[in-house]
1. Calculate the length of the line joining the C-alpha centroid of the range 115-173 to that of the range 227-270, in whole Å.
2. Taking the Cβ of GLY165 as the centre, find all other residues whose Cβ is under 11 Å away and add up their charges (Lys, Arg: +1; Asp, Glu: -1).
3. Short version: ³J(HN,Hα) in whole Hz for each residue of the range 244-260, in order, from phi by Karplus 6.51 cos²θ - 1.76 cosθ + 1.60 (θ = phi - 60°), x for Gly and Pro, what are they?
4. Count charges around GLU206 for me, please; just the other residues with Cβ under 14 Å from its Cβ, Lys/Arg as +1, Asp/Glu as -1.
5. Which whole-Hz couplings ³J(HN,Hα) result when phi for each residue of the range 125-133 is put into the Karplus expression 6.51 cos²θ - 1.76 cosθ + 1.60, θ = phi - 60°, listed in order with x for Gly and Pro?
6. Hey, what's the per residue convex hull volume over the C-alpha atoms of the range 170-277, in cubic angstrom?
7. Please list the non-local residues whose amide H lies under 5 Å from the amide H of CYS19, H modeled 1.01 Å from N, same-chain partners needing a gap of 5 or more.
8. How about the range 238-287: which GluC sites (Glu not before Pro) there lie in a loop by DSSP and see at most 11 other Cβ atoms within 10 Å?
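Where a number appears in this text, it was derived from the coordinates with a stated rule and is not lab data. Model, not experiment: these values are computed from the prediction. A quick note on method: Cβ atoms are made from the backbone with ideal geometry, for glycine too, and the neighbour counts reach across all protein chains shown.
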Amino acid sequence: MDFVAPTDLAGTPAILLPCGLSPDGLPYSIQFAGRRLSESVLCRIAAAYEQATDWHTRHPKTDDLRASPEPVLLELPRGCLRRPPLCCCTRLVKCATSELHIWGGAGTFATKRLHMDTFDRIEKQVVLRAPIARVWRAIANAKEFGRWFGLELDGDFVVGQPIVGTFNASLNEAAILDYQRKLGLPPSKVKLPEKSLIFCTVERIEAESYFSFRWIPYGIDAEVDPQTEPTTLVEFRLAKVAEGTLLTIVESGFDRVPARRRERAFRMNEAGWAGQGENIRKYIAKP
């Protein structure tokens, strides 16, 4: 654990994996570190490492721990762990790292859990130089929403009701496949949704503060079956700030997406929301 401090200070992710046992039967570990926002890469490396080795299936002998009336605490560099300290008592010896936190500084966690749950939540924020009422209209009014999002919606947003949309643009499949390669994803065919297909189903509307809906994530994926595909939750939160309005966009629930396309849906939507944040900023800026 001597090399954890640099990643803590840099706010970058790292993952520790078992790589052997000492002559005394105590576990050795290997650490992989990555650049900011590279959790997905580290998780793939960790998965490949565990497939190539069997150290994660071996556990140190716990006889001495069972004989001890008190848990054995691992001494780690100060600041690396959320309190209470990491505990290796008998009941936790197989999952002692499940609550390990790597503190990224400035009030953020670089890695929240060392589990394969990286692809579950996207969050983007953009400051819009306009009052909340103007931003709210651009989001909650279906016609205005469609103008910056890039589709034509038929009707109004109504809680509990689906709304039909039509994408009028064409798809540049070659560019999309090339972008997938740059993300380290296996290229996957795409298809433009049929006209008059359900775009989303509205979940909740709270005037000038909150708007949410459910939809099929990365719906242009050729593997998507609209009849059976799980949905994710998209939320828009508005808050007043000195410069105007802080818009927070969150999409969550990717853990329900089929494993074969989960990372692809997450990574493509992550890039998509970054682009849509810029689109709404430009739209709001128009006179």
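1. 11 Å
2. Numbers: positive: LYS195; negative: GLU152, ASP154, GLU194.
Here the charged neighbours net out to -2.
3. Working through the residues one at a time gives x, 10, 8, 9, 10, 10, 10, 10, 9, x, 5, 5, 8, 6, x, 4, 5 Hz.
4. Working: positive: ARG204, ARG237; negative: GLU203, GLU208, GLU235.
Neighbour charge sum, excluding GLU206 itself: -1.
5. With the stated coefficients, the range 125-133 comes to 10, 9, 8, 10, 7, 7, x, 4, 4 Hz.
6. 131 Å³
7. Here TYR28, SER29, ILE30 satisfy the definition.
8. Working: sites: GLU243, GLU251, GLU263, GLU270, GLU278; in loops: GLU243.
Here the GluC sites (Glu not before Pro) that fit, given the DSSP loop and packing criteria, are GLU243.
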